[in-house]
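The values are calculated or read from the model by the stated rules, or taken from the named source; none is laboratory data. Please read these numbers as outputs of a predicted model, since none were measured by experiment. Positions of Cβ are generated from backbone atoms using ideal geometry, with glycine treated the same way; all protein chains shown enter the neighbour counts.
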């Protein structure tokens with residue numbers, strides 16, 4: 001079991017959605033918390049909302065698309081409290097368009113943020129975790145990391161890639177007591193669909209119907225913390241429909257393919 005209390009936790013994508021809900025949940029525990037995102041004013045707002053909790057909170061601006069800055073940001077994060085016990089890689093961006101309409105620039109941007117930016121944080125933290133013989137990487141991927149749906153080709157690809165990378169990290173560093181938890185949310189009611197990129201790189205600027213009916217971010221955050229503390233390797237945090245899709249894909253892939261073609265996903 002990994003209790004989050006008394007730990008140093010670095011949370012990315014903390015300015016909204018699941019990240020903000022996680023910040024609020026974690027702040028109620030006695031721990032040290034680093035909140036990261038691109039927008040300082042939103043991080044300050046979240047920190048203020050968490051001020052009645054027990055956590056000691058610091059803010060660190062972070063842009064996963066700025067690859068040249070990531071190593072320095074990791075060093076800054078470590079310097080704030082002396083170490084990082086748990087990294088919650090939650091930041092990312094989504095996509096909503098057909099493959100035929102999506103430029104390669106959009107594909108590359110999704111991979112830079114969701115994949116390369118995410119694994120860079122883990123790579124630069126690894127030496128510290130190996131030296132301390134412990135650490136926990138928590139990666140918020142998506143149910144589409146297992147069973148992808150139309151209009152999310154680049155998004156799903158970036159999440160599939162994360163699964164491949166972190167399964168290997170778990171295997172290679174088991175001897176160093178480094179843990180990996182892959183979190184697979186389904187439809188969670190956040191603004192992710194508003195910010196999702198269309199094929200030309202512009203934001204969609206509307207809420208998906210499926211997203212609007214999804215699980216609350218607060219419930220999602222509670223289940224993520226439970227998964228971390230239970231040392232789960234994979235946690236499916238989703239409704240019945242999304243979980244059914246995952247199991248169909250695993251055991252009856254042809255049936256899953258037929259079902260996916262008929263889905264209403266926007």
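Residue-by-condition table, conditions (1) assigned to a loop (DSSP other than H, G, I, E, B); (2) modelled with pLDDT under 95; (3) in contact with a helix residue (DSSP H, G or I) (Cβ under 6 Å, 6 or more places away or on another chain); (4) loosely packed, with under 15 Cβ neighbours inside 10 Å:
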site: 25; (1), (2), (3), (4): no, no, yes, no
site: 36; (1), (2), (3), (4): no, no, no, no
site: 43; (1), (2), (3), (4): no, no, no, no
site: 52; (1), (2), (3), (4): yes, yes, no, yes
site: 63; (1), (2), (3), (4): yes, no, no, no
site: 77; (1), (2), (3), (4): no, no, no, no
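Residues considered: 36, 27. Of these, the only one that is without any contact (Cβ under 8 Å) to a residue 60 or more places away in the chain and under 15 Å from the mean Cα position of the chain (by Cα) is 36.
Going by the conditions given, is residue 20 assigned to a loop (DSSP other than H, G, I, E, B), in contact (Cβ under 8 Å) with a residue 40 or more places away in the chain and touching a helix residue (DSSP H, G or I) at 6+ places or on another chain (Cβ under 9 Å)? Answer is no for this residue. Residues of the range 228-266 that are at pLDDT 85 or above and surrounded by 16 or more Cβ atoms within 10 Å (Cβ to Cβ): 228, 232, 234, 235, 236, 237, 238. In the range 133-140, the condition of being more than 20 Å from residue 225 (Cβ to Cβ) and either crowded, with 17+ Cβ neighbours inside 10 Å or at pLDDT 95 or above (or both) is met by at least one residue. Looking at the range 134-233, the helices (runs of 4 or more DSSP H) lying wholly inside it that each contain 1 or more residues that are free of Cβ contacts under 8 Å to residues at least 24 places away in the same chain and under 20 Å from residue 121 (Cβ atoms) sit at 153-172.
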